[in-house]
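All remarks here apply to the structure that follows.
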Amino acid sequence: MKVLVTGITGFAGSHLTDYLLTIPGVEISGILRWRSRTENIEHFMDKVRLVECDLRDASSVRDTIDELRPDRIFHLAAQSFVPTSWTAPTESLVTNIIGQLNIFEAVKKLGIKPRIQLACSSEQYGMVYENELPIRETNPLRPLSPYAVSKVGQDALGYQYWMSFQIPIVRTRGFNHEGPRRGPVFVCSDFARQVADIEKGRKPPVIRVGNLDARRDFTDVRDIVRAYWLSLEKGEMGEVYNLCSGKDWTIRAMLDMLLSMSNVKVKVEQDPARMRPSDVPVLLGDASKFHKQTGWKPEIPFEQTLRDLLEYWRAR
């Protein structure tokens, strides 16, 4: 089976590849750009095929997919940092929506029908009210950032290309996922790196934070990528599935747990630069639809996720 991973150099893409390498008979290719950082994939670069391709260039995408002829595509490449979408909204929309459109158009014009998993996002739900919790796939989408809007666009395109052209697509709405290799701009990783820097005396014992009252549903990335695989193995084509733990944590509680893993005494200070123009107050999901379809459920406790993340930054 030929599998293509877009965004292979990223956080989820590298963990998905780690998982795919444990499955017999899977031949893995990954898309990267000439300027992609490769530290996440150096441990398996000799086991996969890497192809240079810019998803925003339709001819580049078509040529790449024609050359590889994958049986399955895991589409994880994206501009995935919410705050960046405020400062560079055009880049977020073009990269996420047009990049995905180019994949769809390529497989359509080539006359092939690989199964495609789309890594959509819980950020699409946006403004969720307490009486709507936990969030199911039928909840209204009220996006609160340009990033979330781009993910709504990706989701809708996936549904449309399945309905219009029967391209076998599964949409997964992943809630927050964390673990080793998470980029330092994301909240859990940001806090873990600050703790590691304080422990090593590289910065004063002050942790700068944004909104600590937001509530998020956290899952380990290694459980999430297993779900990605199952979505194409056992998921129903054309469907959409939440991927989440079903438990929410305030950002403050997450920070407290991280601090409990260290002996350093720190002061917590709010940083106005870390506050968003509009923030999603709560994301608490219901993954029962996906569990019923595939049997998947998270296995790694959040405490272990945070501990592994902190050890990752300590090692770096």
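The values are calculated or read from the model by the stated rules, or taken from the named source; none is laboratory data. Since this is a predicted model, take the numbers as computed values, not measurements. As a convention, Cβ positions derive from the backbone with ideal geometry for all residues, glycine included, and neighbour counts pool all protein chains shown.
Observations, loosely collected:
- On inspection, Glu27 passes the criterion of being surrounded by fewer than 16 Cβ atoms within 10 Å (Cβ to Cβ) and either of a type in the set (Gly, Ala, Ser) or touching a residue at least 24 places away in the same chain (Cβ under 8 Å) (or both).
- Residues located in the stretch 249-288, provided they are closer than 16 Å to Asp213 by Cα and in a loop (DSSP other than H, G, I, E, B): Asp271, Met275, Arg276, Pro277, Ser278, Asp279, Val280, Pro281, Leu284
- Failed item in (1) within 18 Å of the chain's Cα centre (by Cα); (2) among the aliphatic types (A, V, I, L, M); (3) part of a loop (DSSP other than H, G, I, E, B), with Ile31 passing the rest: (3)
- Looking only at residues in the stretch 71-102 that are among the charged types (D, E, K, R) and at pLDDT 95 or above, the one that is farthest from the chain's Cα centre (by Cα) is Asp71.
- Under the condition of being among the aliphatic types (A, V, I, L, M) and modelled with pLDDT under 95, the residues counted in the stretch 152-197 number 2.
- When Gly295 is tested against the conditions (1) at negative phi; (2) loosely packed, with under 13 Cβ neighbours inside 10 Å, the lone failure is (1).
- Condition check for Ala273: crowded, with 21+ Cβ neighbours inside 10 Å and either over 26 Å from Val152 (Cα atoms) or free of Cβ contacts under 8 Å to residues at least 24 places away in the same chain (or both): no
- For the stretch 129-178, filtering for residues that are touching a strand residue (DSSP E or B) at 6+ places or on another chain (Cβ under 6 Å) and either of a type in the set (D, E, K, R) or without any contact (Cβ under 8 Å) to a residue 40 or more places away in the chain (or both) leaves 7.
- Residues that are more than 19 Å from Ser189 (Cβ to Cβ), part of a loop (DSSP other than H, G, I, E, B) and without any contact (Cβ under 8 Å) to a residue 60 or more places away in the chain, drawn from the stretch 9-24: Leu21, Thr22, Pro24
- For the stretch 123-146, filtered to residues that are part of a helix (DSSP H, G or I) and at pLDDT 95 or above, the residue that is surrounded by the most Cβ atoms within 10 Å (Cβ to Cβ) is Gln124.
- Any chance Leu259 is assigned by TED's automatic domain parsing to the domain that holds Thr172, surrounded by fewer than 22 Cβ atoms within 10 Å (Cβ to Cβ), among the aliphatic types (A, V, I, L, M) and on the phi < 0 side of the Ramachandran plot: no
- The residues of the stretch 35-51 that are over 16 Å from Asp18 (Cα atoms) and either touching an Asp or Glu at 6+ places or on another chain (Cβ under 6 Å) or at pLDDT 95 or above (or both) amount to a single one, Val51.
- Subset of the stretch 264-309 (residues that are among the aliphatic types (A, V, I, L, M) and out of contact with any Lys or Arg (no Cβ under 9 Å at 6 or more places or on another chain)): Val264, Val266, Met275, Leu306
Residue by residue, here is whether (1) of a type in the set (S, T, N, Q); (2) exposed (fewer than 15 other Cβ atoms within 10 Å of the Cβ); (3) closer than 23 Å to Cys120 by Cβ holds:
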{"site": "Asn40", "(1), (2), (3)": "yes, no, yes"}
{"site": "Glu52", "(1), (2), (3)": "no, yes, no"}
{"site": "Ile65", "(1), (2), (3)": "no, no, yes"}
{"site": "Phe74", "(1), (2), (3)": "no, no, yes"}
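- Positions within the stretch 246-297 being over 14 Å from Phe175 (Cβ atoms) and basic (Lys, Arg), in sequence order: Arg252, Lys265, Lys267, Arg274, Arg276, Lys292
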